[in-house]
């Protein structure tokens, strides 16, 4: 039978891990390579659904230029987060779903895609922070949404007149985090 202290410790661990997973996706979408690298523990591995298998830092190396490109667009949404925590050994396993809207230019046509995947992470707490030790991504489905529209919402909105997010460090989140913490890294990756 668990006691209150164990329940609280488990809730804190789950919250810290969920925060790590969310920061990972923000780092991907904003092209924040240092924050992305910090989500992994030293020696971590990445198995990215048949596209890449190897050291996690090698995976980051392989995608960093695309993530930083000022015209790259990606929005990753985290859901269905399940976390099993072994409080005695500072180990955890998580499973979560990711729904990604990506924009790809193929043969001169910019097309939007919606891609669903599931990620299984083996995590470990080191020096008081959780990190990814092994990541396995599995693709579930993809839907081509079609060419990028010139106007949004049935022609009601002109994207050129709207404020858009930016890449690291030019997105407003980094300004807010810097004002809060005094550094562009913000509240960051510590767990």
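The values are calculated or read from the model by the stated rules, or taken from the named source; none is laboratory data. Keep in mind that this is a model prediction, so the values were computed, not measured. All Cβ positions, even for glycine, are placed from backbone atoms using ideal geometry, and neighbour counts span all protein chains on display.
What about residue 121, is it touching a helix residue (DSSP H, G or I) at 6+ places or on another chain (Cβ under 9 Å), surrounded by 11 or more Cβ atoms within 10 Å (Cβ to Cβ), under 24 Å from residue 6 (Cβ atoms) and in contact (Cβ under 8 Å) with a residue 40 or more places away in the chain? Please lay out each step first, then the result.
On the way: touching a helix residue (DSSP H, G or I) at 6+ places or on another chain (Cβ under 9 Å): yes; surrounded by 11 or more Cβ atoms within 10 Å (Cβ to Cβ): yes; under 24 Å from residue 6 (Cβ atoms): yes; in contact (Cβ under 8 Å) with a residue 40 or more places away in the chain: yes.
Yes.
Does residue 114 count as closer than 26 Å to residue 56 by Cβ, out of contact with any helix residue (DSSP H, G or I) (no Cβ under 9 Å at 6 or more places or on another chain), without any contact (Cβ under 8 Å) to a residue 24 or more places away in the chain and in a strand (DSSP E or B)? Give the steps one after another, and end with the answer.
Details: closer than 26 Å to residue 56 by Cβ: yes; out of contact with any helix residue (DSSP H, G or I) (no Cβ under 9 Å at 6 or more places or on another chain): yes; without any contact (Cβ under 8 Å) to a residue 24 or more places away in the chain: no; in a strand (DSSP E or B): yes.
Spelling it out, it is not the case that residue 114 is closer than 26 Å to residue 56 by Cβ, out of contact with any helix residue (DSSP H, G or I) (no Cβ under 9 Å at 6 or more places or on another chain), without any contact (Cβ under 8 Å) to a residue 24 or more places away in the chain and in a strand (DSSP E or B).
I need the full set of residues from segment 62-85 which are within 20 Å of residue 126 (Cβ to Cβ) and surrounded by 14 or more Cβ atoms within 10 Å (Cβ to Cβ), in order please. Let's see the steps before the verdict.
Initially, segment 62-85 is screened for residues within 20 Å of residue 126 (Cβ to Cβ), giving 83-85.
Answer for segment 62-85, where residues must be within 20 Å of residue 126 (Cβ to Cβ) and surrounded by 14 or more Cβ atoms within 10 Å (Cβ to Cβ): 83, 85.
Under the condition of being assigned to a loop (DSSP other than H, G, I, E, B) and in contact with a helix residue (DSSP H, G or I) (Cβ under 8 Å, 6 or more places away or on another chain), which residue from segment 48-88 is nearest to residue 8 (Cα to Cα)? Let's see the steps before the verdict.
In the first step, residues of segment 48-88 are kept if they are assigned to a loop (DSSP other than H, G, I, E, B); the result is 49-52, 69-73, 87-88.
Within this subset, residues satisfying the condition of being in contact with a helix residue (DSSP H, G or I) (Cβ under 8 Å, 6 or more places away or on another chain) are 52, 72, 87.
Working: 52: 37, 72: 40, 87: 11 Å.
Ranking the qualifying residues of segment 48-88, first place goes to 87.
Quick check on this structure: which one of 108, 146 is in contact with a strand residue (DSSP E or B) (Cβ under 9 Å, 6 or more places away or on another chain) and surrounded by fewer than 11 Cβ atoms within 10 Å (Cβ to Cβ)? Please lay out each step first, then the result.
On the way: 108 fails: in contact with a strand residue (DSSP E or B) (Cβ under 9 Å, 6 or more places away or on another chain).
Exactly one of 108, 146 is in contact with a strand residue (DSSP E or B) (Cβ under 9 Å, 6 or more places away or on another chain) and surrounded by fewer than 11 Cβ atoms within 10 Å (Cβ to Cβ), namely 146.
With respect to residue 44, is the statement that it is touching a strand residue (DSSP E or B) at 6+ places or on another chain (Cβ under 6 Å), in contact (Cβ under 8 Å) with a residue 12 or more places away in the chain, surrounded by 15 or more Cβ atoms within 10 Å (Cβ to Cβ) and more than 30 Å from residue 9 (Cα to Cα) true? Walk me through how you get there before you give the answer.
Numbers: touching a strand residue (DSSP E or B) at 6+ places or on another chain (Cβ under 6 Å): yes; in contact (Cβ under 8 Å) with a residue 12 or more places away in the chain: yes; surrounded by 15 or more Cβ atoms within 10 Å (Cβ to Cβ): yes; more than 30 Å from residue 9 (Cα to Cα): no.
So residue 44 fails the test.
Pull up segment 174-191, narrow it to residues that are surrounded by 18 or more Cβ atoms within 10 Å (Cβ to Cβ) and part of a helix (DSSP H, G or I), then point me to the one that is modelled with the lowest pLDDT.
The qualifying residue modelled with the lowest pLDDT is 177.
In the set 52, 59, which member is crowded, with 19+ Cβ neighbours inside 10 Å and either touching a residue at least 12 places away in the same chain (Cβ under 8 Å) or over 14 Å from residue 125 (Cα atoms) (or both)?
Values: 52 fails: crowded, with 19+ Cβ neighbours inside 10 Å.
So the residue among 52, 59 that is crowded, with 19+ Cβ neighbours inside 10 Å and either touching a residue at least 12 places away in the same chain (Cβ under 8 Å) or over 14 Å from residue 125 (Cα atoms) (or both) is 59.
Would you say residue 10 is crowded, with 17+ Cβ neighbours inside 10 Å, modelled with pLDDT under 95 and touching a strand residue (DSSP E or B) at 6+ places or on another chain (Cβ under 6 Å)?
On the way: crowded, with 17+ Cβ neighbours inside 10 Å: yes; modelled with pLDDT under 95: yes; touching a strand residue (DSSP E or B) at 6+ places or on another chain (Cβ under 6 Å): yes.
Judged against the criteria, residue 10 is a match.
Right, residue 101: surrounded by 14 or more Cβ atoms within 10 Å (Cβ to Cβ), within 30 Å of residue 160 (Cβ to Cβ) and in contact with a helix residue (DSSP H, G or I) (Cβ under 6 Å, 6 or more places away or on another chain) or not?
On the way: surrounded by 14 or more Cβ atoms within 10 Å (Cβ to Cβ): yes; within 30 Å of residue 160 (Cβ to Cβ): yes; in contact with a helix residue (DSSP H, G or I) (Cβ under 6 Å, 6 or more places away or on another chain): no.
Against the criterion (surrounded by 14 or more Cβ atoms within 10 Å (Cβ to Cβ), within 30 Å of residue 160 (Cβ to Cβ) and in contact with a helix residue (DSSP H, G or I) (Cβ under 6 Å, 6 or more places away or on another chain)), residue 101 does not qualify.
Taking segment 78-96 only, how many residues are within 12 Å of residue 119 (Cα to Cα) and in contact (Cβ under 8 Å) with a residue 40 or more places away in the chain?
Number of matching residues: 5.
Among the residues of segment 1-47, write down those that are part of a loop (DSSP other than H, G, I, E, B) and in contact with a helix residue (DSSP H, G or I) (Cβ under 9 Å, 6 or more places away or on another chain).
So the first thing to find is which residues in segment 1-47 are part of a loop (DSSP other than H, G, I, E, B), and the list is 1-3, 31-32, 39.
Correct list: 2, 31, 32, 39.
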